[in-house]
1. Quote the Stokes-Einstein diffusion coefficient, in whole µm² s⁻¹, for the chain, based on the Kirkwood radius over alpha carbon pairs, a temperature of 10 °C and a viscosity of 1.306 mPa s.
2. Looking at the chain, what % of its DSSP beta bridges pair antiparallel, to the nearest 5?
3. Compute the orientation-averaged projected area for the range 43-127 from the convex hull of its Cα atoms and round it to one decimal in nm².
4. How high is the relative contact order of the range 4-175, given as a whole-number percent (alpha carbon pairs under 8 Å, six or more residues apart)?
5. Based on other C-beta atoms within 10 Å, arrange 66, 133 from fewest to most.
6. Calculated FRET efficiency, residue 106 and residue 63, Cβ-Cβ r, R0 41 Å, to nearest 0.05?
7. May I ask you to derive the FRET efficiency for residue 121 and residue 142 from their Cβ-Cβ distance with R0 = 30 Å, giving the value to the nearest 0.05?
8. Give me 103, 59 sorted ascending by neighbouring Cβ count inside 10 Å, so fewest comes first.
């Protein structure tokens with residue numbers, strides 16, 4: 001479990017989070033969650049890479065279909081987007097949803113291209129809103145504690161969601 005302070009430091013959309021955290025759930029379609037994990041950055045390895053390695057270990061090699069939901073401090077960088085795409089190509093029975101707090105280096109074309117490619121491959125990408133923060137807080141901090149939103153959470157969530165929509169729509173315009 002995280003403290004409320006660590007949660008805010010990792011997921012606050014008001015500023016660049018101090019730590020990159022990825023929390024994920026894995027569930028069979030129409031079944032309760034299988035497992036929940038929390039992974040943070042280590043030197044020279046992004047949190048998403050830890051998640052993909054754990055998924056590879058914990059998703060049984062059978063015919064079941066799985067839904068992986070990621071709650072992330074940042075959207076994936078270009079390299080992590082590519083690794084996620086490769087993972088999904090190798091594990092066709094897995095679908096993925098990404099809920100991120102902040103867009104990672106929005107000025108970097110390759111990072112934006114990675115998001116567009118994930119979206120085009122069927123990965124659902126959204127920016128976290130208050131409901132997402134509440135759900136993530138309950139799972140990571142405490143189901144008994146109440147999530148206290150920081151100033152301008154809704155305003156920042158809306159701004160980030162609009163930025164993501166512009167990023168993803170540009171890709172579709174480029175395809176047309």
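Since every read-out is calculated from the coordinates, none of them should be taken as a lab result. Everything numeric in this text was worked out from a predicted model, so none of it was measured. Note: ideal-geometry Cβ built from the backbone for every residue, glycine included; neighbour counts use all protein chains shown.
1. In µm²/s, the coefficient rounds to 96.
2. Details: 15 of 27 bridges.
In the chain, DSSP labels about 55 percent of beta bridges as antiparallel.
3. Values: hull surface 21.7 nm².
Value for the range 43-127: 5.4 nm².
4. Numbers: 260 pairs, mean separation 35.7, N = 172.
With pairs under 8 Å counted, the relative contact order is 21 percent.
5. On the way: 66 19, 133 23.
By the 10 Å Cβ count, ascending, the order reads 66, 133.
6. Numbers: r = 39 Å, r/R0 = 0.96.
Efficiency computed from Cβ-Cβ geometry: 0.55.
7. On the way: r = 35 Å, r/R0 = 1.17.
With R0 = 30 Å, the Cβ-Cβ based efficiency is 0.30.
8. Details: 103 22, 59 18.
In increasing order of surrounding Cβ atoms, one gets 59, 103.
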